[in-house]
Amino acid sequence: MTASVSQGPVVPRLRLSTCYFFYFAIMGALVPYLARYLRVEGFPPDRIGQVAAVLTLMMSIGPFLWASLSDRTGRRMLWARISAVILVVSFILLMLAGTLPLQMLFIALVGLFLSSIVPQMEAVTLEYLGPGSSQYGRIRLWGTMGFAVVVLLMGPLLDALGAQWLPAWMALLALASLLTMLLVQDVPVQADAPRALAAWSAFLERLRHFPIWGLYLALFLWNVSLAAYNTFFDLYLQKVGYGSLAIGGYLAIAPLAEVLFFLILGGLLLRWGARAVLVAALLVTAGRWLLTAWAADLWWVLLIAQTGHALTYGALHGSSMYLLSKLFPGNQQARAQAFYLAFSTGLGLVAGNLMAGALWEGPLGPQWVFTLNAGFSLLSMLIVLFALKARRLQPLLRH
């Protein structure tokens, strides 16, 4: 007789990939083009900055919105779909809003519910993959492709039809995202899973281990270093002397490099381990910011720096998802993702943007902003080196 082998759930790769594509397509419309929409609506620069701050802060809160309910019930996609419905309505109301307070309110709702979707998607994807979580990058790369496609297409659309229609386009993308979510079912929750693990106290107890909070802190510092690029890179290249066509090309190189890297990330994680990939990626990130700071006027150097986005974002995010899937039980995954998005990503980007905004026009200027960001990347690398040593990490991993 042969022993029966327990098979995990069949991974709906196409459906999950489509979910990522349309979710990040929304981000591709919102992040680069919100300022253009607000400018057409008559917002002065200081108001645009305030709106961006509100959006970022709400996106830091959003990941926790459904985390407890989804971990307790196991119905992650239900809460993601509810968020998507509210998101569609918020975009429509934003288009119809005629006053500043209403516009601020609906943009805040967009940030809250847009950011509450992705922890559920990430947790469901990692639950489906199970021991094969190193293959996460091959699904997640479709999100990057969705972002890149919309970034390239939305600019000409807004030029042709008017930036005031941006909320309508985002509502359509959010509706498409909702429809794809209807096709993805939750991974069944194990009936014998201890209820104690569904409590926040269990999550916080696990969080106190040095490898776990060290990982979150390292990712926070990485996002601090990334913020100036996300917000000010376009302005920086204009100051260096590049035209809009060249700037668009350099911006497009980054997600393309990220997509290609996601294809090989799984093999690198299995061969070298997440710690080695994170260390290499953070070292490259520091080098990228130094090249951007001091040699951006050389086209070929800037090309190399932008290609480094494959490691600066692709390797770091993919490796982080891989580690979080191993460090937390399945019914704590939504909390783990929420804390990553709220603390490491959300607050990291807020801190980085505040720092960059304060120093950009000051005596230091943009070159030293990027240089400081290289320092944050190196500090993050040192934390990874110490926190994720095998003797500390191994007892915490789920196999």
Rounded to 0.05, the calculated FRET efficiency for the beta carbons of D159 and N230 at R₀ = 35 Å is 0.95
With each pseudo-label sitting 7 Å past Cα toward Cβ, what's the A246-L172 distance in nm, one decimal?
3.4 nm
Please get the size of the charge dipole for the range 12-185, origin at its Cα centre, with Cβ charges of +1 on Lys and Arg and -1 on Asp and Glu, quoted in debye to the nearest 20.
360 debye
For the range 12-185, how big is Rg over Rh, using alpha carbon atoms and the Kirkwood form of Rh?
0.98
Which residues does the label zone of T371 cover in the range 291-332, counting backbone N under 15 Å from a point 7 Å along Cα→Cβ?
291-296
Note: probe point = Cα of A351 + 7 Å toward Cβ; backbone nitrogen < 17 Å; residues of the range 373-393 passing the test are 373-385, 387
Using a/c under 1.5 as the rounded threshold, could you call the chain rounded, prolate or oblate? The axes a ≥ b ≥ c are square roots of the C-alpha gyration tensor eigenvalues, and prolate needs a/b larger than b/c, oblate otherwise.
oblate
Would you compute, from DSSP H runs of 4+ residues alone, the mean residue ellipticity of the chain at 222 nm, taking -39500 (n - 2.57) per run and dividing by the full residue count, rounded to the nearest 500?
-25500 deg cm²/dmol
Just to check I understand the Karplus step: with θ = phi - 60° and J = 6.51 cos²θ - 1.76 cosθ + 1.60, what whole-Hz values come out for the range 34-43, glycine and proline as x?
4, 4, 5, 4, 5, 5, 5, 6, x, 6
The FRET efficiency for L69 and L270, from their Cβ-Cβ distance with R0 = 25 Å and rounded to 0.05, is 0.15
Quick check for me: using +1 on Lys/Arg Cβ and -1 on Asp/Glu Cβ, what's the dipole size of the chain about its Cα centre, in debye to the nearest 20?
1060 debye
Linear extension gain, Q185 paired with W300, 0.36 nm per residue minus alpha-carbon span:
36.8 nm
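None of the figures in this text is laboratory data; all of them are computed from the coordinates on show. Please read these numbers as outputs of a predicted model, since none were measured by experiment. We place every Cβ from the backbone using ideal geometry, glycine too, and count neighbours over all the protein chains shown.
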